[in-house]
Each structure stands twice: as C-alpha cells, then as structure tokens.
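Enquirer: If you scroll down you'll find the structure; I have some questions about it.
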Amino acid sequence: TADEIMKAAGNVITMISLVSLTVSYLNLLAGNLSTVKARSYEVGVRKSLGASNGNIMIQFMGENAFMVISAAAVSLVICCLASLILSVGFIGKREVVMLFKMAVCGMLCGLYPGYKAGRITIMEAIRS
C-alpha cells in the first residue's frame, strides 16, 4: 500500500541521513585534529606565556562551537527559505530540536581535539 511505501522511503532517507551525518562529524573531527597539529607552535607560545591546558582546550572548543553554531544557523535559514519557496510547513519544533541535537554532537567533536591541544608540551610545539 501507499503507507508502506512511504514508511519504507522514510526509513531509507533516515538511514542515508545518519550515514551522511556520521561522515560529516568524522570530517569535522579530522579537520579539528589537523588544525591542532598545524597550530601546535601557537599552543607552545601560549603555554610558554602561562596558558593552562584548560585554557587551550577551552579556546579550541570555543572555536569549534562557533563553527558548528554558525553552520546550524545557516542550515536553519536555508531550510526556512526552502520551506517558504516550496510552500511546505517544513520547519517546526521537531526540526529545531533536531538541529540543536546536531549542533551539540558537532560541539562534542571538538572535545578530543581540544583535549589533545591542551596536552601539547612546549618542547613538542618547538620541534614541529
């Protein structure tokens, strides 16, 4: 029946979305780790001036949070515009909550790179 077909299509779209989000989060994590490696000299300078591991971790997590929140805001604007153009009631409470959850997951992707940046020693930074 039509209901079964719609339910199956919804399941397929959900699976594609989950795979897409997983790949996106892994890409974000890899990009953040690459940024930590590229900025190790900056971390070494900050540590030599007295910055703690926590300060450096907060800096990297804050930068990641800014990126994720900016991307979520742009996504919300694009979805709202698409909803208006297509005359579909697409954006509701459920979609905003989902966008918030995705932003939280994205910010969690900055946790490990921030921790790793905080653990760089001054000597490691000078060598790189």
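Enquirer: If you go through segment 76-99 one residue at a time, how many are touching a residue at least 12 places away in the same chain (Cβ under 8 Å) and either open to solvent by 50 Å² or more (accessible area, probe 1.4 Å) or at positive phi (or both)?
Expert: The total comes to 3.
Enquirer: Being of a type in the set (D, E, K, R) and either open to solvent by 90 Å² or more (accessible area, probe 1.4 Å) or outside any helix (DSSP H, G or I) (or both): is that true of residue 4 here? Break it down stepwise before answering.
Expert: Numbers: of a type in the set (D, E, K, R): yes; either open to solvent by 90 Å² or more (accessible area, probe 1.4 Å) or outside any helix (DSSP H, G or I) (or both): yes.
Judged against the criteria, residue 4 is a match.
Enquirer: Would you tally the residues in segment 114-128 being crowded, with 16+ Cβ neighbours inside 10 Å and in contact with a Gly (Cβ under 9 Å, 6 or more places away or on another chain)?
Expert: 4
Enquirer: Please go through segment 63-85 and give me each residue that is of a type in the set (Gly, Ala, Ser) and touching a Phe, Trp or Tyr at 6+ places or on another chain (Cβ under 9 Å), ordered by number. Working first, answer last.
Expert: Kept after step one, since they are of a type in the set (Gly, Ala, Ser), are these residues of segment 63-85: 65, 70-73, 75, 82-83.
Scanning segment 63-85 gives 72, 82, 83.
Yes or no, residue by residue, for (1) in contact with a Phe, Trp or Tyr (Cβ under 8 Å, 6 or more places away or on another chain); (2) surrounded by fewer than 18 Cβ atoms within 10 Å (Cβ to Cβ); (3) under 15 Å from residue 125 (Cβ atoms):
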position	(1), (2), (3)
24	no, yes, no
30	no, yes, no
33	yes, yes, no
36	yes, no, yes
39	no, no, yes
42	no, yes, yes
50	no, yes, yes
55	no, yes, yes
61	no, no, no
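Enquirer: Identify the single condition in (1) modelled with pLDDT of 85 or more; (2) in a helix (DSSP H, G or I); (3) not polar (S, T, N, Q) that residue 51 does not satisfy, given that it satisfies every other one.
Expert: It is condition (2) that residue 51 fails.
Enquirer: Using beta carbons and a limit of 7 Å, which pairs, at least six apart or on different chains, have the first residue in segment 48-74 and over 26 Å from residue 21 (Cβ atoms) and the second one surrounded by 13 or more Cβ atoms within 10 Å (Cβ to Cβ) and β-branched (Val, Ile, Thr)?
Expert: Pairs found: 48/122; 56/43.
Enquirer: Would you mention how many residues in segment 83-128 are modelled with pLDDT under 80 and under 17 Å from residue 56 (Cβ atoms)?
Expert: 1
Enquirer: Just need a number here: residues in segment 34-65 that are closer than 13 Å to residue 108 by Cα and of a type outside the set (S, T, N, Q).
Expert: The number of residues fulfilling the criteria is 7.
The values are calculated or read from the model by the stated rules, or taken from the named source; none is laboratory data. These numbers were taken from a predicted model, which means no experiment stands behind them. Note that we place each Cβ from the backbone using ideal geometry, even for glycine, and neighbour counts take in every protein chain shown. Note: areas computed on protein heavy atoms with side chains; ligands, DNA, RNA excluded. Shrake-Rupley method; radii C 1.70, N 1.55, O 1.52, S 1.80 Å.
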